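Taken together, the values in this text are just the output of simple stated rules run on the coordinates, not laboratory data. What you see is a predicted model, and the numbers here were worked out from it, not measured in a lab. All Cβ positions, even for glycine, are placed from backbone atoms using ideal geometry, and neighbour counts span all protein chains on display.
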Amino acid sequence: MSTEVTLRYRMSDRDVFYGGGVVNGARSITLMEDTANRLMTKVYGNQSRCAKVRKVRLFVPCFARDYMEYKARLLGEENGRAIIEVRSFKVAVIPEEPEFESSIDVLEDPPLSTVCIFEYIIPEKKEKKKAKALEGLKVLDLTHAYNGPFCTALLADNGAEVIKIEPLTGDQSRYWPPMDDNSGESGFYAFINRNKKGVTLNLKTEKGREIFYDLVREADVVVENFRVGVTKKLQVDYETLKKINPRIIYASGSGFGQYGPFSNRPCYDIVAQALGGMINLTGYTDAPPVKCGVSVADNVTGIYLCVGVLMALYRRNVTGEGQQVDVAMADTIFTLLENAIIYTTLKGIIPQRQGNIDATVSPFNVYEAKDGYIALGVGTDKLFKVFCDVIGRPDLVTNEKFATNDLRIKNYNDGLHEIIVDWVKQRGKAEVESMFEEVGIPCGQILDMKEAIEHPHFKAREMMVHVEHPTIGDMYIQGCPIKLSETPGSVDAPAPLLGQHNKEVYGFDDETLKQLKEEGVI
């Protein structure tokens, strides 16, 4: 990169005293400092404060109307400061009343007029913000509640422009707890809708639909999670929209999918877990079935929707045409049941609830320590030998009941469980975790939410980040789980207030916005 800058300037009456001969020192330094500022911007990316004018020397007087040329160059750096020299040259002389442009006397060997040396504080180098993977992708978000908004949050975190389109009363999750005590805003809504723009639109009105169609013409993706049949009634279904924009990717998240005998049924996460078979597998043998502690069907549906969108976009690059992505909550639960399905189809064995025990690996369980609980898994015979050495029971390796993984699965409750329970309960959970970590055995403390949030590993992975919400204030929420080396995602903006971006997205003037609001369109 060149470390020089050249500017040309015509002197005026304010630049010299009495029409010429005596340079206005302050004005001259201002012009020279402006040249130095431009060099600082060129070299360091942004201007910095001039700390000191080290030296000024006058060689040739200048007059009003003379053309001066200023040349700045970087001499070097000293103690965190950039040393910049600026020289001015008289490059042309103009008569007081020139009749023709040719009467300007351009000097072939411009004499040096002034030299000034500046010291600038070198600005801190700011790392250039990396582009995000999905920048340039425009997504119209018609979703509500959880699975759809989770999909669009993943897209938004990674650079897509996501426009969340809400009914005039807002997404139902705006009223889901926990609520912020001061603003009354939903913390859940604020978490799941970060990085998005927000508009209101009544799709039940003709004007509302026309506004939406205009957005569709410029969009890449539409995501919706209405109950099957609603989008057709609203005239915003895939068949309608692909006529407007054949390249549109239309992603639908629902309880039971766009076809099948249950497709029209309403669904919540607990229903998807129940019909998908997960609840029957969760809990203890002698206790009622229990749902998973979080909304696993909603979460996984959001992830699968996102993956489906990316697949369809990739294919569009080949064909130039869009398509519909259909993801059902119940289907996603089915895919998570892994070996439970295979045991049923391959062996004719219907798995039942068995607490934390795994049907494939043993030992694999949760154990109580002196100050809490730990989770432990020993997946191979080789690891089991190491495990037995740690707990001081090498004899278990050759025990006919526990010598192989298959035997340990079969005979776990015939002595092995009690041995591990007795060993763990004599120690603290951190001690147990440390002992197994040293020898490469998977083990972890069972953390509550406060402990997990404060855990140094999650902090190091940027899994908890701060974002400033316009009414809630500082929020501490989950970050991006997908780490891309060159185009990393991030949480840069809070969830929108209701209708916050109506003017920006629609591009209407204030009078039009007011009229549309009065008509119940936005």
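Contact order, relative form, for the chain: 13 percent (alpha carbon pairs under 8 Å, 6 or more residues apart, mean separation divided by residue count). Among L497, V221, P288, which residue has its Cα positioned farthest towards the positive end of the charge dipole of the chain, with +1 placed on the Cβ of Lys and Arg, -1 on the Cβ of Asp and Glu, and the dipole taken about the Cα centre? The Cα lying farthest towards the positive end belongs to V221. Computed over the alpha carbons of region 150-278, Rg followed by Dmax gives 16.0, 46 Å. Neighbour counts of C-beta atoms inside 10 Å place M449, M68 in the sequence M449, M68, starting with the fewest.
Other residues whose C-beta falls under 13 angstrom from the C-beta of I409 contribute a net charge of -1, scoring Lys and Arg +1 and Asp and Glu -1. Using every Cα-Cα pair within the chain, state what percent have a distance larger than 37 Å. The proportion of pairs with Cα distances above 37 Å equals 56 percent.
Straight-distance candidates among the aspartates and glutamates for linking to K425, with alpha-carbon spacing under 17 Å and chain neighbours fewer than 8 residues away dropped: E368, D371, E433. Sorted fewest first by neighbouring Cβ atoms within 10 angstrom, M278, M329 come out as M278, M329. For the pair S485 and V307, the difference between a 0.36 nm per residue extended length and the Cα-Cα distance amounts to 62.2 nm. In a simple Cβ point-charge model (Lys, Arg +1; Asp, Glu -1; nothing else charged), the chain has a dipole of about 400 debye relative to its Cα centre.
Between the helical axis of 25-44 and the longest alpha-carbon principal axis of the chain there is an angle of about 30 degrees. For I409 and V318, a Förster radius of 56 Å and the Cβ-Cβ distance give a FRET efficiency of 0.75, rounded to the nearest 0.05. Sorted fewest first by neighbouring Cβ atoms within 10 angstrom, I391, I165 come out as I391, I165.
Between the listed residues L484, H455, C443, the Cα displaced farthest toward the positive end of the dipole of region 437-522, a dipole computed from Cβ unit charges relative to the Cα centre, is found at C443. Other residues whose C-beta falls under 13 angstrom from the C-beta of R247 contribute a net charge of +3, scoring Lys and Arg +1 and Asp and Glu -1. Translational diffusion of region 364-451, estimated by Stokes-Einstein from the Kirkwood radius over alpha carbon pairs at 25 °C in a medium of 0.890 mPa s, is 185 µm² per second. Projected onto their three principal axes, the Cα atoms of region 229-357 cover extents of 57, 32, 25 Å, largest first. Over the residues of the chain, the helix contribution to mean residue ellipticity at 222 nm works out to -9000 deg cm²/dmol, using -39500 (n - 2.57) for each DSSP H run of at least 4. Between S183 and N356, what is 0.36 nm times their sequence separation minus the Cα-Cα distance? Round to one decimal in nm. Separation in residues times 0.36 nm, less the Cα-Cα distance, equals 58.2 nm. Relative contact order of region 364-451: 41 percent, from C-alpha pairs under 8 Å at least 6 residues apart in sequence.
Using the Cβ of M435 as centre and a radius below 13 Å, the other residues enclosed give a net charge of -3, where K and R count +1 and D and E count -1. Taking each of K130/K207; K197/K459; K291/K450; K42/K503; K130/K232 in turn, the alpha-carbon distance tops 31 angstrom for K130/K207; K42/K503; K130/K232. Candidates G428, N399, L416 compared by Cα position along the dipole of region 364-451: farthest toward the positive end lies N399, with charges placed on Cβ. Distance between the modelled labels on R81 and K514, one decimal in nanometres: 5.7 nm (7 Å Cα→Cβ projection). Reducing region 425-444 and region 340-418 to their Cα centroids gives an inter-centroid distance of 17 Å. In loop segments of region 413-522 as defined by DSSP, the GluC sites (Glu not before Pro) with at most 11 further C-beta atoms inside 10 Å of their C-beta are E486. Take the Kirkwood radius over Cα pairs of region 281-421, plug it into Stokes-Einstein at 10 °C and 1.306 mPa s, and you get 86 µm²/s for translational diffusion. With 0.36 nm allotted per residue and the present C-alpha distance subtracted, the Y175-T282 stretch has 35.5 nm of extension available. Could you give the distance between the Cα centres of region 135-149 and region 188-249, to the whole Å? First find each Cα centre; the distance between them is then 9 Å.
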